[in-house]
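Enquirer: Would you mind keeping the following structure in view while I ask a few things?
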Amino acid sequence: MGFLLNKDGVRYEMLSEQNLFGAVRCVSHAFTSNEPMSRHLGITPEDFIVFASAYYRELIDEKLSLVAIDERSSQVIGVRISEDYCKQDEDFFVDGLSPRFTPLFALLGELSDYFKNNHQVSPGTYAHLFMVAVADGFTRRGIAPNMYKLFLDIAMKRGYTYAVTEPTGLISQHVLLKKFGFRELHRINYHDFEFEGTYPFATIKDHTCAMLLEKKLTELELFFS
């Protein structure tokens, strides 16, 4: 099942068919509760499960995504969804996907277009840090940093030289910029984003923008992390 690490009562594994359902439920609850755009658009856990169940299954064979499992309960309590950046160029259809997602995907698509218009993107070079979630009651236990370190090890062994991500909230943006050394390439302010003649995120409070961040992966960081 892709066992990677056992630390402080938490078992870390590769995303697999065996833990897929738990991973989907963990991320669906976290994102609809905490991610600014999902919450603002009224995306429900049930909406998110439809998307994540289909999309995450497509990522299993890439072996870049991780889960954290509580050894006492066998519950999935953390998820790190990652992929080759070129994966986004593949045609992918989710039957029954809620239209609530459309403005969210449009904004992320603009960030992706900016990146691809300014970079030479080829398979095996850029690893996309797509989503990270830790279940309620299990935060502040180092689960997200442990998954990030494991991701670094896996990505560098696979030959990736850069990580790219699009954090949408102030906390994740601060952590990635200040703690993990990512650099900002571009941002889209929520109040300014126009979609089909409307401004769907104009009334988001407490968060200002979605960012596009990049980082070169180095063995030095892995050694000292």
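The values are calculated or read from the model by the stated rules, or taken from the named source; none is laboratory data. This is a predicted model, so every value here is computed, not measured. Positions of Cβ are backbone-derived with ideal geometry, glycine not excepted, and every protein chain shown enters the neighbour counts.
Enquirer: Quick test of your reading of the structure: Phe93 fulfils all but one of (1) over 18 Å from the mean Cα position of the chain (by Cα); (2) assigned to a helix (DSSP H, G or I). Name the failing condition by number.
Expert: (2)
Enquirer: While we're on this one: Of all helices (runs of 4 or more DSSP H) completely enclosed by the range 1-63, which ones contain at least 3 residues that are closer than 16 Å to Glu83 by Cβ? Break it down stepwise before answering.
Expert: On the way: elements: 20-34, 36-41, 45-59.
Helices (runs of 4 or more DSSP H) meeting the threshold: 20-34, 45-59.
Enquirer: While we're here: Among the numbered criteria (1) under 26 Å from Gly22 (Cα atoms); (2) basic (Lys, Arg); (3) at pLDDT 95 or above, which one does Arg141 miss?
Expert: Going through the list (1) under 26 Å from Gly22 (Cα atoms); (2) basic (Lys, Arg); (3) at pLDDT 95 or above, Arg141 breaks only (3).
Enquirer: Please list, ordered by first then second residue, the pairs with beta carbon atoms under 9 Å, 6 or more apart or interchain, first in the range 66-93 and farther than 13 Å from Ala135 by Cβ and modelled with pLDDT under 95, second among the acidic types (Asp, Glu) and assigned to a helix (DSSP H, G or I).
Expert: Final answer for the pair search is Lys87/Glu58; Lys87/Glu62; Glu90/Glu58; Phe92/Glu58.
Enquirer: Name the residue that is modelled with the highest pLDDT, counting only residues in the range 167-223 that are among the aromatic types (Phe, Trp, Tyr) and closer than 25 Å to Gly142 by Cβ.
Expert: Going through the range 167-223, the residues among the aromatic types (Phe, Trp, Tyr) turn out to be 180, 182, 190, 193, 195, 199, 201, 223.
Retained after the next criterion (residues that are closer than 25 Å to Gly142 by Cβ): 180, 182, 223.
Values: Phe180: 90, Phe182: 95, Phe223: 55.
Once the filter is applied, the top-ranked residue is Phe182.
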